[in-house]
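Below is one structure, written out as structure tokens; comments come after it.
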Amino acid sequence: MSKTVSRRAFLTSAATATAGIAAASAFATSAFAAGGPGGGPGGPGGPAKEVVYASAETTDDGRVKGYCGPGDWLGTKPEIAEDQITQTYDVDVVVLGGGHAGLMATLGAVDEGCTVATVEQQPWSAFVDLDGTGANMGGWYGEDIGHVNSQFLIDRGFGPYNTGEIAAEFCKRAAGRVNPDIIKAFVQNSGAMFDRYKEVYDSYEEERKANDSNVHLTGTLVVIDGEPVADEGDFDMSNMFDYPLCNTQAAWSGANVEYPIECGGYKTWPCNAQFYGYHGNDIEFVHKYIKQYTEENGATWYFEHTGVELVQNEAGDVTGLIATDADGNYVQFNAAKGVILCAGDYIGDPKMCWALLNEGMEWGERSGATSEDWASAGPRSGAGHKMGIWAGGMIEPTPRGWMAIGGGASGPWGTCPLLTLNSEGKRFCNEGAIAQLQAVCLRQPAGLSCYVTDANWKQTVGSAPLDHGAPNFGMDDYMVQLEAGMNAVEVGNPEGGFVVGANLAERKMMGGTVYAANTLEELADMLGYEGDAKQNFLDSIAHYNELCASEDGDTDYGKDKAYMVPIDTPPFYGGTSSTSHSTSPMMVTMSGLMTDAAQNVLKTDWTKIKGLYAAGNCLGGRYGFGYSAPFAGNSVGMAMTHGWLAGHTVGQL
């Protein structure tokens, strides 16, 4: 295997490769020079300073101090005696968690010449198929790597883009409830991160060809060139950066759009690499080689080791981590430079979710839900967050959210700015403001919701913005197959027709029922509107058509003129969904520990905890209300980029 991969020099050269990211090298200098004037803190040691633990206390009414949610979700810091430690390891850097963030934190640290202990509670078999069953493994959760201005994307025709414009969009979508420096670090450095990621992968070409050219897979989910891939078979997975194993979400080529796409007051860009493979998530076939590289260059991965508590000296500096091994024995990892928390989110702890996801909790409780109803399977239970608080840190304040996307009625193409009506048959929002749809829909009458379009549906769908869950024409045949599916819907059939999805790769299972009619009256009946609601349905469409023809455009809700397409050409199409006044966490939570710009965890008095850093969903300052998507995959992209940056930063201490 070739080892001709660059190290620190790669960051500077890649970050300055295009004008769009010219500022990245300047950021890299300040972010990585942690020991210099104006930079981040040094490693463990230094003058003693009073440690603030106020956030680990509870109030008289049983809350964790500093948090408005109910109950003691935090608990007390474990007390582990020195004589309980059965094994001790001494390394430069300890990384807690081997997911997307932990993987790249490990890479960043070994690229600085460090020894690293990566501590992961799951077994290696959760990440890769060791038994040859062909099953899709979920240890690395998520397959889209959102990033900006990599050479990979530029070569595909996507970029370079203005990084300041993209950073501003993230801040706007969060209404300022982010740390702009954390956002800037992601946007300006994610391209360099991705190119380094690909560089390492490319260096294993010989092994990839030997190991992955004929891989047995089961339970495939994709449709390629109009044909479902065989449910079981042998597939070439040896070059994951090739199409169709990897694609980039983009608008339909026939729409001739310019990027960013502006719709509803928001902007989106084609800035991701989606490793759908054949399962819909086959990123393990890339990640495993990054992990192998780190092991060959100074890292040791400790699987089935669960982090328990951070080790601190008398000054409160973090000097290591205590974990349990597969047999329940206590093991201590001493870190000469620092510990990076990459332990994921807290979706698996219903008490934390109920207490910290405050807006969602209120919606849920008003609809009869309890904290037990919010239980979610999975190993991510907020361990890193709790350890950070026990060490003196704090989780960012409310509002805190999760990966909630979309809203309203969406067709087989995903979330799209088509006319949307509520259960009363009334229009209620700017359908192009996709970032607002979930919150807006929660405030509508519960019950039926629908979208309505006509024979000109391609005009809107093909040029739709690129929010997560929106139309995705990165797969060349999506529009061809979507058009074939729509043409196959029988006009006048009250049962409608099923059209395979064109927004995600899991196309065997994704899609929706579409109804087609020669008149709007007939379509209203098919969709389930009766009486006053049916009349409102017809009146709303008539008024919408008037707005489409008006010089002033949408004077009701302000939808962009480009998306104000009249509904006047049969056949007329529609589909249904439903709105409710309840919500519950899904996928991942998005709030983490407060840090400075270098991801150094802060105490409750806003001073730095020496030796403690955060990345991934342990890191705060990224999303505010919840997930936002100027481009899909930015959650994984942020995890990988911030992990990579933290690895470099700590490695240079």
Exactly one of LYS267, LYS288 is open to solvent by 10 Å² or more (accessible area, probe 1.4 Å) and assigned to a strand (DSSP E or B), and that one is LYS267
Filtering helices (runs of 4 or more DSSP H) wholly in the stretch 459-551 for at least 1 residues that are within 21 Å of ILE261 (Cα to Cα) and within 36 Å of the chain's Cα centre (by Cα) gives 478-488, 531-549
Expected output for the stretch 511-527 (first residue within 16 Å of ALA455 (Cα to Cα), partner surrounded by fewer than 21 Cβ atoms within 10 Å (Cβ to Cβ) and of a type in the set (Ser, Thr, Tyr), Cβ below 9 Å, 6+ apart or cross-chain) is TYR515/THR576
Quiz item: Are any of the residues in the stretch 600-619 out of contact with any Gly (no Cβ under 7 Å at 6 or more places or on another chain) and surrounded by 23 or more Cβ atoms within 10 Å (Cβ to Cβ)?
Solution: no
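Could you please let me know if MET587 is under 27 Å from the mean Cα position of the chain (by Cα) and open to solvent by 20 Å² or more (accessible area, probe 1.4 Å)?
Details: under 27 Å from the mean Cα position of the chain (by Cα): yes; open to solvent by 20 Å² or more (accessible area, probe 1.4 Å): yes.
So MET587 passes the test.
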Heads up, the strands (runs of 3 or more DSSP E) in the stretch 52-162 (entirely inside) with at least 3 residues that are crowded, with 22+ Cβ neighbours inside 10 Å, of a type in the set (Gly, Ala, Ser) and in contact with a His (Cβ under 9 Å, 6 or more places away or on another chain) are none
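Considering only the stretch 591-624, how many residues are outside any strand (DSSP E or B) and of a type outside the set (D, E, K, R)? Write out each step before concluding.
First, the residues of the stretch 591-624 that are outside any strand (DSSP E or B): 591-592, 594, 596-599, 604-607, 615-618, 620-624.
In the following step, the residues that additionally are of a type outside the set (D, E, K, R) were identified as 591-592, 594, 597-599, 604, 606-607, 615-618, 620-621, 623-624.
The qualifying residues number 17.
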Any chance GLY425 is outside any strand (DSSP E or B), modelled with pLDDT of 95 or more and not hydrophobic (A, V, I, L, M, F, W, C):
yes
Contact list, first residue from the stretch 112-130 and at negative phi and modelled with pLDDT under 95, second anywhere and part of a loop (DSSP other than H, G, I, E, B) and surrounded by fewer than 17 Cβ atoms within 10 Å (Cβ to Cβ), beta-carbon distance below 7 Å, six or more apart or interchain, is ASP129/ALA135
Residue set GLY344, GLY328, GLY378; condition buried (at least 24 other Cβ atoms within 10 Å of the Cβ) and not in a strand (DSSP E or B); output residue GLY344
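Do we find that THR513 is open to solvent by 20 Å² or more (accessible area, probe 1.4 Å) and among the polar types (S, T, N, Q) in this structure? So that I can check it myself, show each step before the final result.
Working: open to solvent by 20 Å² or more (accessible area, probe 1.4 Å): yes; among the polar types (S, T, N, Q): yes.
In short, yes.
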Restricting the stretch 527-565 to residues that are buried (at least 18 other Cβ atoms within 10 Å of the Cβ) and among the hydroxyl-bearing types (Ser, Thr, Tyr), the one nearest to ALA517 (Cα to Cα) turns out to be TYR529
Among the residues of the stretch 349-375, the number that are assigned to a loop (DSSP other than H, G, I, E, B) and surrounded by fewer than 20 Cβ atoms within 10 Å (Cβ to Cβ) is 5
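Looking at the structure I just gave you, is ALA439 open to solvent by 20 Å² or more (accessible area, probe 1.4 Å), assigned to a loop (DSSP other than H, G, I, E, B) and of a type outside the set (Asp, Glu)?
On the way: open to solvent by 20 Å² or more (accessible area, probe 1.4 Å): yes; assigned to a loop (DSSP other than H, G, I, E, B): no; of a type outside the set (Asp, Glu): yes.
Taking the combined requirement at face value, the residue does not satisfy it.
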*So is GLU314 open to solvent by 10 Å² or more (accessible area, probe 1.4 Å), assigned to a strand (DSSP E or B) and touching a residue at least 60 places away in the same chain (Cβ under 8 Å) or not?*
no
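Residue by residue, here is whether (1) closer than 20 Å to LEU96 by Cα; (2) touching a Lys or Arg at 6+ places or on another chain (Cβ under 8 Å); (3) aliphatic (A, V, I, L, M) holds:
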{"residue": "CYS353", "(1), (2), (3)": "no, no, no"}
{"residue": "SER371", "(1), (2), (3)": "no, yes, no"}
{"residue": "PRO379", "(1), (2), (3)": "yes, no, no"}
{"residue": "GLY392", "(1), (2), (3)": "yes, yes, no"}
{"residue": "TRP402", "(1), (2), (3)": "no, no, no"}
{"residue": "GLY407", "(1), (2), (3)": "no, no, no"}
{"residue": "GLY414", "(1), (2), (3)": "no, no, no"}
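If we keep just the residues of the stretch 187-224 that are among the polar types (S, T, N, Q) and assigned to a helix (DSSP H, G or I), which is most open to solvent (accessible area, probe 1.4 Å)? Lay out the reasoning, then the answer.
Kept after step one, since they are among the polar types (S, T, N, Q), are these residues of the stretch 187-224: 188-190, 203, 211, 213-214, 218, 220.
Now narrow it down to the ones that are assigned to a helix (DSSP H, G or I): 188-190, 211.
Working: GLN188: 22, ASN189: 0, SER190: 0, ASN211: 91 Å².
The qualifying residue most open to solvent (accessible area, probe 1.4 Å) is ASN211.
Listed here are the residues, each with its yes/no results for (1) under 27 Å from ASN313 (Cα atoms); (2) small (Gly, Ala, Ser).
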{"residue": "GLY348", "(1), (2)": "no, yes"}
{"residue": "LEU356", "(1), (2)": "no, no"}
{"residue": "GLU365", "(1), (2)": "no, no"}
{"residue": "ALA369", "(1), (2)": "no, yes"}
{"residue": "GLY388", "(1), (2)": "yes, yes"}
{"residue": "PRO397", "(1), (2)": "no, no"}
{"residue": "SER423", "(1), (2)": "no, yes"}
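In this structure, is GLY626 modelled with pLDDT under 95, surrounded by 23 or more Cβ atoms within 10 Å (Cβ to Cβ) and at positive phi?
Values: modelled with pLDDT under 95: yes; surrounded by 23 or more Cβ atoms within 10 Å (Cβ to Cβ): yes; at positive phi: yes.
In short, yes.
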When the stretch 166-186 is checked residue by residue, the ones that are open to solvent by less than 60 Å² (accessible area, probe 1.4 Å), in contact (Cβ under 8 Å) with a residue 40 or more places away in the chain and in a helix (DSSP H, G or I) are ILE166, GLU169, PHE170, ARG173, ILE182, ILE183, ALA185, PHE186
Listed by first then second residue, the pairs whose first member lies in the stretch 374-385 and is modelled with pLDDT under 80, whose partner is of a type outside the set (Val, Ile, Thr), with beta carbons under 6 Å and at least 6 positions apart or on separate chains, are ALA375/PRO350; SER376/GLY348; GLY378/GLY348
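The values are calculated or read from the model by the stated rules, or taken from the named source; none is laboratory data. None of the values given here were measured: they were computed from a predicted structure. Don't worry about glycine lacking a Cβ; one is built from the backbone with ideal geometry, like all the others, and counts go over all protein chains shown. These accessible areas exclude ligands, DNA and RNA; they are computed on the full protein's heavy atoms, side chains included. Shrake-Rupley method; radii C 1.70, N 1.55, O 1.52, S 1.80 Å.
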